[in-house]
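K.L.:
Sending over a structure as structure tokens; questions will come in a sec.
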Amino acid sequence: MPHLKVKPFDTATIEEKVAHSTVMTSFATSMTSSDMVIGVEHKGEEFLLQLKPDEKAYLLKYDKVTRPLKVNILKEALGMVSEALNLEVLSSNIALSNTKAALSSEYFKKIEDFENIDYPKEKVSVEVGFGSGRHLLYQAEKNPDTLFIGLEIHTPSAQQVLKQIELQGIENIWVVNYDARLFLEMLPSNLCTQIFVHFPVPWDKKPQRRVISKSFLAESMRVLHKEGRLELRTDSDNYFWYSLETFFSVPKTEVEVRKNEALEVTSKYEARWLRQEKDIYDVYVKCTQDSEEKESRLDFNFNDVKYTKGIEERLPKKALVFDGYFVHFERIFKQVDGSLFIKCAFGSFDRPEHKYILLSHGGCRYFVSLPVRTMVNYEAHQKLAEQLMLTEG
Ligand SMILES: C[S@@+](CC[C@H](N)C(=O)[O-])C[C@H]1O[C@@H](n2cnc3c(N)ncnc32)[C@H](O)[C@@H]1O
């Protein structure tokens, strides 16, 4: 990732240079270490750069939480900041590159994109954990009238399938590199025809990490239209019985079970089990009714929150854990006018959000983008707001 090593310099001059800069917008220093952050605005993107002093060299680098997707924007900003601060560069890797960002295909969608997205096809199906993508690519080619949304947490698999999509000229797949358990919340009710969950990781020792759960089933039934199906395929006896139990624990379901049924396409993973003559189970859960539209107006504003004197000392130092989520104020950076950049982690334990909150005398906002609009993030957001409003005594 792009960075510059520069000769140690007097950081007391930064504040004044920020005031006259076209690229730098703010400057803040950590309350617990010698690290600093520089706010930047370049080509319509707002983000932070980190400055880490060391005896021999200072490191000016990207900030993981706020970094823009286009790496060239980051490189340009590093160069401009270094010039504006008159830094003596010792080493750098900010030469602009022509290579495409790993996930920059038009068929790659970020979870945030789903806050306001048009579905190009009337029919939509979802595949959870597509792995090598054999089934996903096959289905998409066979059903050109359907949009397939493929979900995969393993980034290299997502990248490989994106490559295949381009090579094969397929136009009806969207790849999302996100946890399926949270993603379904982003979809409107009654959208989908099928949700495929093929060979999910059984997680025998950590069942809380399984994709199939009561809440996943409930969300699946919401996003499936009437007569749509959730289709589980597994080689694990344990997972099969666990899923059946989960599916039957809701009051009204239509479940169909099959054993050792051959599908038209065999994934790499399945082929291995077939060679070993392992049993394979299919469990189909049919959605029997349409669902109500989802109330999606979760408000992530910090309406009445403002900086109050000494709040930086009152915020809890350790993570606060609640039922199914947590909030953690990880680091605080202070600007000369007293406003704070607060680095936080919050939300679900499996897929926490990482954000900065900018808290000033005028108000409070996420810097630079809002959290993903899931219920668990919303609950965490309310706790963050509660903590930021804590007054003395
Ligand atoms: C055992 S592999 C099966 C892959 C593929 N479905 C097949 O049949 O070959 C399970 C896949 O699910 C992905 N996965 C696990 N948990 C996930 C989650 N919560 N959301 C999305 N993908 C997940 C893993 O990264 C892995 O690629």
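K.L.:
Has segment 196-214 got at least one residue that is crowded, with 16+ Cβ neighbours inside 10 Å, among the basic types (Lys, Arg) and either assigned to a helix (DSSP H, G or I) or in contact with a Gly (Cβ under 9 Å, 6 or more places away or on another chain) (or both)?
P.N.:
no
K.L.:
May I pose another question? Output the number of residues of segment 73-99 satisfying the condition of being of a type outside the set (Gly, Ala, Ser) and either touching a helix residue (DSSP H, G or I) at 6+ places or on another chain (Cβ under 9 Å) or surrounded by fewer than 16 Cβ atoms within 10 Å (Cβ to Cβ) (or both).
P.N.:
Counting residues in segment 73-99 that are of a type outside the set (Gly, Ala, Ser) and either touching a helix residue (DSSP H, G or I) at 6+ places or on another chain (Cβ under 9 Å) or surrounded by fewer than 16 Cβ atoms within 10 Å (Cβ to Cβ) (or both) gives 12.
K.L.:
Only one of 346, 322 is of a type in the set (A, V, I, L, M, F, W, C), in the same structural domain as residue 375 (by TED's automatic domain parsing), closer than 22 Å to residue 32 by Cβ and modelled with pLDDT of 95 or more. Can you tell me which?
P.N.:
Sole residue among the options that is of a type in the set (A, V, I, L, M, F, W, C), in the same structural domain as residue 375 (by TED's automatic domain parsing), closer than 22 Å to residue 32 by Cβ and modelled with pLDDT of 95 or more: 346.
K.L.:
List the pairs whose first member sits in segment 116-130 and is near the ligand (Cβ under 10 Å from one of its atoms), whose second member is not in a loop (DSSP other than H, G, I, E, B), and whose Cβ atoms are under 6 Å apart, counting only residues at least 6 apart or on separate chains?
P.N.:
What qualifies is 127/136; 127/150; 127/196; 128/151; 128/180; 128/197; 130/136; 130/150.
K.L.:
Considering only segment 132-173, how many residues are out of contact with any Ser or Thr (no Cβ under 6 Å at 6 or more places or on another chain) and within 13 Å of the ligand (Cβ to nearest atom)?
P.N.:
Residues flagged as out of contact with any Ser or Thr (no Cβ under 6 Å at 6 or more places or on another chain) and within 13 Å of the ligand (Cβ to nearest atom) within segment 132-173 amount to 19.
K.L.:
Could you please tell me which pairs satisfy a Cβ distance under 6 Å, a separation of 6+ or placement on different chains, a first residue in segment 197-210 that is farther than 15 Å from residue 266 by Cα, and a second residue that is near the ligand (Cβ under 8 Å from one of its atoms) and among the charged types (D, E, K, R)?
P.N.:
From residues that are farther than 15 Å from residue 266 by Cα, the pairs are 203/209.
K.L.:
Given the residues 161, 89, which is the only one that is modelled with pLDDT under 95 and not acidic (Asp, Glu)?
P.N.:
89
K.L.:
Among the residues of segment 27-42, is there at least one that is in contact with a helix residue (DSSP H, G or I) (Cβ under 8 Å, 6 or more places away or on another chain), loosely packed, with under 15 Cβ neighbours inside 10 Å and not assigned by TED's automatic domain parsing to the domain that holds residue 369?
P.N.:
Scanning segment 27-42, I find at least one residue that is in contact with a helix residue (DSSP H, G or I) (Cβ under 8 Å, 6 or more places away or on another chain), loosely packed, with under 15 Cβ neighbours inside 10 Å and not assigned by TED's automatic domain parsing to the domain that holds residue 369, so the answer is yes.
K.L.:
Sticking with this structure for a sec: Read through the list (1) within 16 Å of the ligand (Cβ to nearest atom); (2) touching a helix residue (DSSP H, G or I) at 6+ places or on another chain (Cβ under 6 Å), then give the number of the only condition that residue 262 fails.
P.N.:
Unmet condition: (2).
K.L.:
Test each condition in (1) within 26 Å of the chain's Cα centre (by Cα); (2) of a type in the set (Gly, Ala, Ser); (3) over 30 Å from residue 379 (Cβ atoms) for residue 236 and report the one that comes out false.
P.N.:
Every condition holds for residue 236 apart from (1).
For (1) among the β-branched types (Val, Ile, Thr); (2) away from the ligand (no atom under 16 Å from the Cβ), each residue gets a yes or a no:
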position	(1), (2)
269	no, no
285	yes, yes
289	no, yes
292	no, yes
304	no, yes
344	no, yes
376	yes, no
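K.L.:
Identify all residues within segment 222-245 that are crowded, with 16+ Cβ neighbours inside 10 Å and either in contact with a Gly (Cβ under 9 Å, 6 or more places away or on another chain) or of a type in the set (Phe, Trp, Tyr) (or both); write none if there are none.
P.N.:
Result: 239, 240, 242.
The values are calculated or read from the model by the stated rules, or taken from the named source; none is laboratory data. Here the structure is a predicted model, which means the values were calculated and not measured. Glycine also receives a Cβ, built like all others from the backbone with ideal geometry; neighbour counts cover every protein chain displayed.
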